[in-house]
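Derivation of every value follows stated rules applied to the coordinates shown; laboratory data play no part. The model shown is predicted, which means the values in this text are computed figures rather than measured ones. Don't worry about glycine lacking a Cβ; one is built from the backbone with ideal geometry, like all the others, and counts go over all protein chains shown.
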Amino acid sequence: MCKQKILVIVGPTASGKTKLAIELAKKYNGEIISADSMQIYKEMSIATAKPTKEEQEGIPHHLMDFLPLDKPFNLSDYLNLAKQKIKEISDRGKLPIIAGGTGLYINSLIDNIKLNESEQDENLRNELYRQAKQDNGESLYKLLCEIDPESAKTIHQNNTIRLVRAIEIYKLTGKTMTEHKLESKLEPSPYDVCIIGLNYEDREKLYEKINLRVDIMLKNGLEEEVRQVYNNNKNLKTAYNAIGYKELIPYIEGQDSLENCIEKIKQESRRYAKRQLTWFRRDKRINWIYVDKEKNFKNIIKKSDKIIETFISL
């Protein structure tokens, strides 16, 4: 059976994935499928750095800005929708391009991970949420480090949704999320993938780019966006995990200064980039391009072309 070719663009936040994906989509007759766990939500546009209609330059973008804020969404939902979109795009004779920084979504998709979503207990889950709220997830994260250190490397203490799910799976099945993933890799992937990763050789330059992006977000109305979403939806769980939201809410509630909250956004964004790089570095299939070593964006395109042309000719 001939495998479906797909192009994947990965990298840390603020590395230029969206811009590169759009240029390559124009060049190789592609359509883009977002792999960002927060860009799926409506209204949350500035904080999640969704490309505007103008920035999309007429390239179709899928799995972005389609879900109401109060709707739950998990990895299984993403895999089902992404596989459907890959088929639709390829049936149109176009190249599917996966672009984003949510490593769990990307690897589960391209490696054809099969999930067992049958193990669920609403009472247990609610109890775990209550426990997470009491100490900001500290006790649950310590437990996860003890029972499943591999998952703990990729799940942040503040990511309540994933943290609770990992503990829930263990308590219900006696197996860790890592063990479930290993068992699920029994069926070969239907995809032939080419992965391009954007990175910075000098980490400080990436951090400067991240800080600048946060400043631009604030100039573009991030505070107003967060305030509006907060005023209309005070009890959201998933959406408030977005960087920029959970840090600004203390300011909106009058518990911290705007300056402190902005610095926390920048700090958490830098930490997130570090976690993303830790995740992606484990994948030896990634063809890395170091943005700060290239003179301009055209050189990045040229390097991407060489990688893709070799892939397409195989």
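What whole-number volume per residue, in cubic angstrom, does the convex hull of the C-alpha atoms of the chain give?
Working: hull volume 44.0 nm³, N = 314.
In the chain, the Cα convex hull volume per residue is 140 Å³.
Would you mind calculating the gained length between Gln84 and Glu57 on full extension (0.36 nm times residue separation, minus the Cα-Cα distance), in nm to one decimal? Write out the running numbers ahead of the final one.
Working: separation 27, 0.36 × 27 = 9.72 nm, distance 2.35 nm.
Extra length from Gln84 to Glu57 when fully extended: 7.4 nm.
Testing the spin-label approximation: label points 7 Å from Cα along Cα→Cβ at Lys153 and Leu115. State their distance in nm.
2.2 nm
Classify the range 160-254 as rounded, prolate or oblate from the Cα gyration tensor: take a ≥ b ≥ c as the square roots of its eigenvalues, call it rounded if a/c is under 1.5, otherwise prolate when a/b beats b/c and oblate if not.
On the way: a/c = 2.68, a/b = 1.36, b/c = 1.98.
It comes out oblate by the Cα gyration axes.
Beta carbons within 10 angstrom, averaged per residue: use that to sort the peptides 71-78, 156-163, highest first.
Values: 71-78: 15.6, 156-163: 18.9.
Result, highest mean first: 156-163, 71-78.
Do the sum for the chain: with -39,500 (n - 2.57) for every DSSP H run of n ≥ 4, divided by all residues, what is the mean residue ellipticity at 222 nm, to the nearest 500 deg cm²/dmol? Let's see the in-between values first.
Values: 14 runs with 164 residues, N = 314.
The helix-only estimate for the chain comes to -16000 deg cm²/dmol at 222 nm.
Looking only at Ile195, Ile89, Ile216, which one moves most when the chain is put into a Gaussian network model with springs between Cα atoms under 10 Å?
Greatest mean-square fluctuation among the candidates belongs to Ile216.
If you plug each phi of the range 265-279 into the Karplus form 6.51 cos²θ - 1.76 cosθ + 1.60 with θ = phi - 60°, what whole-Hz ³J(HN,Hα) values come out, in order, with x for Gly and Pro?
Values, residue by residue: 4, 5, 5, 5, 5, 5, 5, 5, 4, 5, 5, 4, 5, 4, 5 Hz.
Quick check: residue separation of Ile301 and Leu212 times 0.36 nm, minus the Cα distance between them. What number comes out in nm?
Values: separation 89, 0.36 × 89 = 32.04 nm, distance 2.32 nm.
Full-extension gain reported as 29.7 nm.
Can you give the Rg/Rh ratio of the range 122-183, where Rg is from the C-alpha atoms and Rh is the Kirkwood radius?
0.94
Could you tell me which GluC sites (Glu not before Pro) in the range 170-265 are loop residues by DSSP with no more than 10 other beta carbons within 10 angstrom of their beta carbon?
Working: sites: Glu179, Glu183, Glu201, Glu204, Glu208, Glu223, Glu224, Glu225, Glu247, Glu253, Glu259, Glu263; in loops: Glu201, Glu247, Glu253.
Passing sites in the range 170-265 are Glu253.
What whole-number distance in Å separates the alpha-carbon centres of the range 144-164 and the range 228-290?
Centre-to-centre (Cα) distance: 16 Å.
First check a/c for the range 1-154, with a ≥ b ≥ c the square roots of the eigenvalues of its C-alpha gyration tensor; if it is under 1.5, answer rounded, and if not, answer prolate when a/b is larger than b/c or oblate otherwise.
It is prolate, given that a/c is not under 1.5 and a/b is the larger ratio.
Read phi for every residue in the range 51-65 and hand back ³J(HN,Hα) as whole Hz from Karplus 6.51 cos²θ - 1.76 cosθ + 1.60, θ = phi - 60°, with x for Gly and Pro.
Those phi angles translate into x, 6, 4, 5, 5, 6, 6, x, 7, x, 10, 10, 6, 9, 6 Hz.
Kindly work out what percent of the DSSP beta bridges joining two residues of the chain are antiparallel, to the nearest 5.
On the way: 0 of 23 bridges.
If I count the DSSP bridges inside the chain, around 0 percent turn out antiparallel.
Quick one: which residues, 5 or more positions from Ile33 or on another chain, have an amide H under 5 Å from its amide H? H modelled 1.01 Å from N in the peptide plane, none for Pro or chain starts.
Residues meeting the criterion, in which the H sits 1.01 Å from N, are His62, Ile97, Ile98, Ala99.
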